[in-house]
Amino acid sequence: MIPGPTNLNQKVLKSLSLPLLSHTDPQFYQLLDHIQNGIRYLFQTKNSYTFAITGSATIAMETAICNLLKPGQTLLSLVHGYWGNRVASMGQRMGFNTHVIRNEKFGQNFTLIQIENALRRYRPNLMYVCHGDSSLGCVQNLHGIGQLCHRYDCLLIVDAVVSLCTTPLAMDQLEIDVVFSGCQKALSGPPGIALISFSDKATEVIKSRSKTYPVSSFYMDINLVAKAWGLDNNDVHTYHYTPAINLLYGLRASIREIINEDLANVIARHQKAKHYLEKRIQNVGLKLLVQESDNRLAGITSVLIPDDIDGNRVIQFMYKKHDILIGGSLLATDPKVPKFWRIGYLGVNADLEKIDRTIESLQEAIQKQRNKFKAHL
Ligand code: GLV
């Protein structure tokens, strides 16, 4: 019950040991087609430039930035928690003008007014926002942000690593230029494979720079990725790098599971699990980190650690005694951030019975510490 990687779906696990195909085999090209259409379904898009990239979701984050910005251009990152800072660090390392805006209150949404002020002030070419921030367990309302960015001639990247399949996300309708995600969260698939899609506007930028300003990374150059996927050259696939073929089997199997259950039902299952878990947490006297219910993410919930409790010892107890692992904080070194646990219920773990067992074991671990303390008085 961590924020990912999550438990694998059994069919996905089996698919990982299918016999290897050559990456030049026509059957492999068919696998790419299935995956591409599957990602389009998950992201609710018709975008042609839609791919799976070998690497964690961090590579998709880096891919979006290095393909869409040219030297001298500007990146704006909206920071809720951990991930916006990572994007800003990438922008700085790549030498782009990089700016951030932060929210004062944990998990609060950025308003359209705040975003417009920042767009006016910094005039970015590219803006990043995290739809579901796993580090805090909060969700950003995306309505109107794409349109606003386009009014300021700025492209929009949305990080959907945790929001995919846990929260509604319609890429085309929301006018998002890049969406990326990973396979190891609500898809209950293997880590090591990232999903990414580019709008026509973003694709134009990428294509137009191929000769004048080639992307500085060979591996992440989407012009080369597109050629490997048989786009732009009458289905001729050009060698780029050897993909993680078994992980692609895993991704296809994960997508099939979502299609069989239906995307809307998968999202509804995560939303139901969120409300159930939040209620159970509050009923046992614990408090949630994110105050407004609408800003709380489905799939990961942050629970404040009571002052008299050692949070790490609780995690160890639950794991040793009940084989249940919950997550700690990615922001633990920041003294301004309160101490909290992160309970993940992604993919196959978005299950009420698993949530019950988790809360019961959490309660037992807390009680045990309190009893021990009393015995020493
Ligand atoms: C990783 O995505 C995490 O939130 O721990």
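Going through the stretch 1-108, which chymotrypsin sites (Phe, Trp or Tyr not before Pro) have at most 14 other Cβ atoms within 10 Å and a DSSP loop state?
none
Taking only Cα atoms and a 10 Å spring cutoff, compute GNM fluctuations for the chain and point out the largest among Ser135, Ser163, Ser181.
For the chain, modelled as a Gaussian network with Cα springs under 10 Å, the answer is Ser135.
Kindly put Val178, Val129 in sequence by how many other C-beta atoms sit within 10 Å of each C-beta, fewest to most.
Val129, Val178
How would Leu76, Leu13 line up from fewest to most surrounding beta-carbon atoms within 10 angstrom?
Leu13, Leu76
For the chain, list the cysteines whose Cβ sits under 4.7 Å from no other cysteine Cβ?
If one checks each Cβ against the other cysteines of the chain, Cys66, Cys130, Cys138, Cys165, Cys183 turn up with nothing under 4.7 Å.
Once you wrap a convex hull around the alpha carbon atoms of the stretch 167-216, what is its projected area averaged over all directions, in nm²?
Mean projected area for the stretch 167-216: 4.7 nm², to one decimal.
If you average the alpha carbon positions of the stretch 157-212 and of the stretch 283-362, how far apart do those two centres end up, in angstrom?
28 Å
Rounded, prolate or oblate: which fits the stretch 268-310, taking a ≥ b ≥ c as square roots of the Cα gyration tensor eigenvalues, rounded meaning a/c under 1.5, else prolate when a/b beats b/c?
Since a/c reaches 1.5 and a/b is larger than b/c, the shape of the stretch 268-310 is classed as prolate.
How fast does the chain diffuse by Stokes-Einstein, in µm²/s, taking the Kirkwood radius from C-alpha pairs at 20 °C and 1.002 mPa s?
Reported coefficient: 100 µm²/s.
Once you have all Cα-Cα distances for the stretch 70-143, histogram them in 5 Å bins from zero and send the whole-percent values.
3, 17, 28, 25, 17, 8, 1
Under the Karplus relation 6.51 cos²θ - 1.76 cosθ + 1.60, θ = phi - 60°, what is the ordered set of whole-Hz ³J(HN,Hα) values for the stretch 119-133, x standing for Gly and Pro?
Running phi through 6.51 cos²θ - 1.76 cosθ + 1.60 with θ = phi - 60° gives 5, 5, 6, 9, 6, x, 8, 8, 10, 10, 9, 8, 5, x, 8 Hz.
Where both partners of a DSSP beta bridge lie in the chain, what percent of those bridges are antiparallel, to the nearest 5? Please list the in-between numbers first.
Working: 20 of 37 bridges.
About 55 percent, rounded to the nearest 5.
Taking the Cα centre as origin and putting +1 on Lys and Arg beta-carbons and -1 on Asp and Glu beta-carbons, what dipole magnitude results for the stretch 46-149, to the nearest 20 debye? Mind showing how you got there, number by number?
Values: 9 positive and 4 negative charges, 47 e Å.
Around 220 debye, computed over the stretch 46-149.
Determine ³J(HN,Hα), in whole Hz, for all residues of the stretch 55-72 in sequence, where each value follows from phi through the Karplus function 6.51 cos²θ - 1.76 cosθ + 1.60 and θ = phi - 60°; x replaces Gly and Pro.
Going residue by residue, I get x, 7, 4, 4, 6, 5, 4, 5, 4, 4, 5, 6, 7, 9, 10, 10, x, x Hz, with x marking Gly and Pro.
Got a sec? How would Arg123, Arg209, Arg342 order by Cβ neighbour count within 10 Å, fewest to most?
The most exposed by this proxy come first: Arg123, Arg209, Arg342.
If you average over every viewing direction, what projected area does the convex hull of the Cα atoms of the stretch 1-98 give, in nm²?
9.1 nm²
Given an 8 Å cut-off on Cα distances and at least 6 residues of separation, report the relative contact order of the chain as a percent.
Contact order relative to length: 23 percent.
Spelling out what I want: for every residue of the stretch 215-221, take phi, set θ = phi - 60°, compute 6.51 cos²θ - 1.76 cosθ + 1.60 (Karplus), and round to whole Hz; glycine and proline get x.
4, 5, 9, 5, 4, 8, 5
We did not get these values from a lab; they are worked out from the coordinates using the rules stated. Not measured: the values here are computed from a predicted model. Cβ sites come from the backbone with ideal geometry, for glycine too, and all protein chains shown count toward neighbours.
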